[in-house]
Amino acid sequence: MKMGGLRHQHYALLPLALSIQSSFCSNGTRNDTMTRGHKIALINIYALVLVVGSIGVILMIGVLKSNLRSWTTVAFFNLVLVHCFFLVTIPFRIYYYVTDFWNLNAFFCKVVSSMIHIHMHVVFVIYVIILTIHFFHYFKKIEHMEFYRSIHAMVFSVSIWSVVIIAGPVILYHYGKHANDSEHKCFHFGEELKEGTVLGCNIFLSVCTVILSCVMSCMLALILYLMIKKHGASSWAQQEFWAQMKNVSLVLIILFCLAPYHLYRLYYLTNYSALQNENEVFLAITSLTCFDMMLVFAGKGICHRCWG
């Protein structure tokens, strides 16, 4: 009787053990089902980016009419174009997270999904270009902050977009080759990281972004230190000091929106199947770079109109 009771107890615990094992296996292999919390976070982030980013772009277009030969103006003009292309894809992301169903073709899913990555990297490159120009100008390595002719500004813009146009089709061709088109799901392309070249490229881009973010931050800190050391308490009254505040805005955007994602991504690459949902949230945070229009130049243009 005693042995029979123990045997029944073992049989009774068997379903619980199987359920625990299955849950561990599912968490360790693949996590395609998005929780309600993740969906709400993604919908709120993208909705906020769509509204604020659109307002910022509209305001920025009015500010950029001033001098199209300025290095900074041309760089921000290209930044506006990148934001516009990305903002067009956000409503499709919001619709998918609300319905949890992708009824458009698989190629368009790849376009929408890859656009946030293209946006993130192009924005970062433009930030680095702007900051580098300003840093060189501060150390008197660049005398003029303008192109000599308008054609030079056009060549600068074309060179940026040529890289995007060349790299875009290559990315779309290799992006999402392992996805199942019949599942009516989108943004589940983690399986691509099984390829060594894709994994290596992701690690390289994340490491480079983190290193450049640290370099830009240190350079800005050095410039602010030199200015405070030179002018002391009167630094706040110097026009040169307030000119650096634009750079501070850009560096803060990099440190709060871009660098954290790439640090997390290095961890995500070690277990991409189980961290898919968390990666989507961190990736959505990078879209907050669309706020740069409001923070850097749009506010300045509004203040000039108010006080002018």
Roughly speaking, what is the stretch gain from Val51 to Phe256, that is 0.36 nm per residue apart minus the C-alpha to C-alpha distance, in nm to one decimal? 71.8 nm
Need one value: the accessible area of Ile55 in square angstrom, 1.4 angstrom probe, rounded to the nearest 10. 80
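How much length, in nm to one decimal, is gained on full extension between Asn271 and Ile133, taken as 0.36 nm per residue of separation minus their Cα-Cα distance? Before the final figure, lay out the partial values.
Numbers: separation 138, 0.36 × 138 = 49.68 nm, distance 3.85 nm.
Here the answer is 45.8 nm.
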Probe 1.4 Å - accessible area at Val74, Å² to nearest ten: 10
For His184, residues with placed amide H under 5 Å, excluding near neighbours: none
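The values are calculated or read from the model by the stated rules, or taken from the named source; none is laboratory data. Treat the numbers as computed from the prediction; the structure is a model and nothing was measured. Surface accessibility is based on the protein's heavy atoms, side chains included, excluding ligands, DNA and RNA. Shrake-Rupley method; radii C 1.70, N 1.55, O 1.52, S 1.80 Å.
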